[in-house]
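Worksheet for the structure shown next.
What follows is calculated from the coordinates using simple rules that are stated; it is not laboratory data. Keep in mind the model is a prediction, meaning the values are calculated, not measured. Backbone-built Cβ (ideal geometry, glycine too); neighbour counts: all protein chains shown.
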Amino acid sequence: MKRHLLLYALCFLAFIALLKDSRRDEDKARVLMPASDKVLSMTFQRLNQGENHMCRLDKTGMLSCWGKNLKGQLGNPRFALQSEPQTLRFNRPFSMMEGGADFSCALTMAGQVLCWGDPAMGVMGDAGVRAQSDIRPMTVPGLSAIVHIASGFDGVCALDADGKVFCWGAIGRSNSRQRARVFRTNSRPEPMSLPEPAIHVGFGTHHTCAVGASGAAYCWGFNGMGALGDGTVIDRMRPLRVLNLPEKLATITPGYLQTCAIAVSQRVYCWGANYENQLGDGLRNPAEDAKRLSPGRVLGLENIVQLSSASHTCALNASGRVFCWGYNEHGSAGQDPARYPNVPVPMPVALEAPVVELAQNEWGMCALTGSEQVYCWGSNKAKLLGNRTPERPWLPVEISFPQSVAAR
């Protein structure tokens, strides 16, 4: 009898393992719910979010990258704009990757973080060992059991399995017209003083936020337009709690000068800069309400599972539809800029296939479908739409990958 019970138990565990494997590709489309004391699982992310370069992970963990490569952030020695994805054959599979202005970082299945590209501002996390741009992915020392990474313009943060957050590179530095009054750089990963374990971390252009196990949010960095949500416009180098949140959060997505987040109800809230309709509240003259210091709900969005944000924000719902709002001069919000220089409320993007993941760049957005296709729209200054700029760049363009990669 005991043998039969043991056999049944083993079969059940094998079934659960197979079920988990089958859902890995959908992991990004699931909203993390607040946990009691630690992160639920490792994030599987297939598209990076570099400022002007993009990479896609295939199902085996191999990378194909394109766009700006002036500092080696694409991981190959051709230091130039590259309009066609190039396959990178690193010697280990990744679970996700992120990118900043001139660098890239990736998370391995073993929970290690590797970075490459321009080492400026300490983004390699190696205490300044590398002084020149390097295309070789090198392990960031002092980190283990990492389950999620997030990057900004020139900084990176990592979340470990116990809910601890470590950051390196620049914290609070702004390259915008609103210069940061104070910022600091870490040349190696430093722990952030959060009052509770984190379940999610997001890095905008110049500020960072984390969601705690309780569903509260904490932000730090540049705060010129109130993106930290602490009721001020004072830069903070240490995490402070976001005030006046109407409900518990699941994930958080800092953007350029604003922050948006998904609540456990799968509704969306935003705060910070609003002069280009970044808050999606429908104002016809957003300059009259240029910033908002408290979270407000973005109406018209339900069942949202992912956000991706720069000066524009796009939301992915559980059905695979994409809605965008905010800055749209180059069509980055998926609408004709002649009609909508800024998109005041979330509007649908013309994508036919259901989407499973989003990734923004400085002036555009890319989407990954369930059939492994990637579509991008917005500015083509970094050749992220290919060699030829489309006549209507606000309409998604399919990216062609090397046949050997697409076939996997």
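Here is how the numbers come out for the structure above:
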quantity: Rounded D (µm²/s) - the range 223-323, Kirkwood Rh over Cα pairs, Stokes-Einstein at 37 °C, 0.692 mPa s; calculated: 244
quantity: Over 13 Å [Cα-Cα, the range 235-289], rounded percent; calculated: 64
quantity: Qualifying trypsin sites (Lys or Arg not before Pro) in the range 333-404, DSSP loop, other Cβ atoms within 10 Å at most 12; calculated: Arg339, Arg388
quantity: Distant alpha-carbon pairs in the range 89-248 (separation over 19 angstrom), percent; calculated: 51
quantity: Entries in Lys248/Lys291; Lys59/Lys383; Lys291/Lys381; Lys248/Lys383; Lys68/Lys248 that, when Cα-Cα distance is taken, lie over 32 Å; calculated: Lys248/Lys383; Lys68/Lys248
quantity: Candidates per GluC sites (Glu not before Pro) in the range 300-408, loop by DSSP, up to 14 other Cβ within 10 Å; calculated: Glu302, Glu352, Glu391
quantity: GNM top mover of Ser64, Ser371, Ser214 - the chain, alpha-carbon springs below 10 Å; calculated: Ser371
quantity: Whole-number D in µm²/s for the chain (Stokes-Einstein; Kirkwood sum over Cα pairs; 20 °C, 1.002 mPa s); calculated: 102
quantity: Added length on full extension, which subtracts the Cα-Cα distance from 0.36 nm per residue, Thr139 to Asp162; calculated: 6.3 nm
quantity: Quotient of C-alpha Rg and 2.2 N^0.38 Å, computed over the range 345-392; calculated: 1.17
